[in-house]
Amino acid sequence: ADALEEWLELAPVVHLWFSVLLGKRAQGAVDLETFWADWSATTKPAIPPELLLAGREETAKSVQDWLREPTTPLLSLKAESRDEAVSVFAAILQQLPSEERIEHLARTVVVRDIASWEQLTASPERLTLVLAFDDPNAIGRATRTGHRVVIPLGQADSATERVVSIPRLSWEGTTKALIACGLHEERARAL
């Protein structure tokens, strides 16, 4: 039990994931895999990553390049809404090769409040923190302690110079993805 407790303290993302499995959901943070599972399952059929990334290949490449370049601490993603920006980031991670996907998902947390942020930034484990609340000082605190930060932005948010803009879904790509989900072609085109 002591070894398990110590391991969970050293691996905060696994701790969050395990808490969800036990039915003890954390208040201010959720692992990215759980975020994706919850977000994508809000529709029937569930939204596959391919649907959310239809026509967004350049965005996916930019994010993948950032993930593979560990010396760049910040990534700003701008979409129609902050929630969409986080969802696109999650979908891109879902499309990574298995080993790389597991590595990133095991270190990525969506943080919704300052108390959880402060707890996670104190972790010696290098994390990727998705900032899902407003606090300009939080970013510096995280990067100063060696963590990476994803800043989701919506259309109403002001952007810095280095922002990856997420374009709207392409009609053709979305139609193909809906057909791949099992919808008839006519219904897919109408949607």
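Details
- Residue check, residue 12 of a type outside the set (Val, Ile, Thr) and at pLDDT 95 or above: no
- Residue count for the stretch 62-74, restricted to those that are in contact with a strand residue (DSSP E or B) (Cβ under 6 Å, 6 or more places away or on another chain) and modelled with pLDDT under 95: 2.
- If the condition is being without any contact (Cβ under 8 Å) to a residue 40 or more places away in the chain and assigned to a loop (DSSP other than H, G, I, E, B), then the stretch 59-71 contributes 69, 71.
- Of the residues examined, residue 136 is one that is open to solvent by 10 Å² or more (accessible area, probe 1.4 Å) and more than 16 Å from residue 63 (Cα to Cα).
- Members of the stretch 110-169 found to be touching a Ser or Thr at 6+ places or on another chain (Cβ under 7 Å), within 18 Å of residue 69 (Cα to Cα) and of a type in the set (D, E, K, R), listed by number: 148, 162
- Only residues that are open to solvent by 20 Å² or more (accessible area, probe 1.4 Å) and hydrophobic (A, V, I, L, M, F, W, C) were counted in the stretch 62-71, giving 0.
- Reported count of residues in the stretch 72-114, each being open to solvent by 70 Å² or more (accessible area, probe 1.4 Å) and either in a helix (DSSP H, G or I) or more than 21 Å from residue 146 (Cα to Cα) (or both), is 8.
- Residue count for the stretch 132-162, restricted to those that are of a type in the set (Val, Ile, Thr) and more than 16 Å from residue 83 (Cα to Cα): 4
- The stretch 125-191 holds helices (runs of 4 or more DSSP H) entirely within its bounds, and those carrying 1 or more residues that are among the β-branched types (Val, Ile, Thr) and closer than 22 Å to residue 90 by Cβ map to 136-144, 171-180.
- A single member of 121, 42, 59 is open to solvent by less than 60 Å² (accessible area, probe 1.4 Å), of a type in the set (Ser, Thr, Tyr) and at pLDDT below 95, and it is 121.
- Only a single criterion out of (1) open to solvent by less than 90 Å² (accessible area, probe 1.4 Å); (2) in a helix (DSSP H, G or I); (3) at pLDDT 95 or above is not satisfied by residue 34, namely (3).
The values are calculated or read from the model by the stated rules, or taken from the named source; none is laboratory data. In this text the structure is predicted, and so the values were computed from the model without any measurement. Using ideal geometry, Cβ is built from the backbone for each residue, glycine included, and neighbour counts are taken over all protein chains shown. These accessible areas exclude ligands, DNA and RNA; they are computed on the full protein's heavy atoms, side chains included. Shrake-Rupley method; radii C 1.70, N 1.55, O 1.52, S 1.80 Å.
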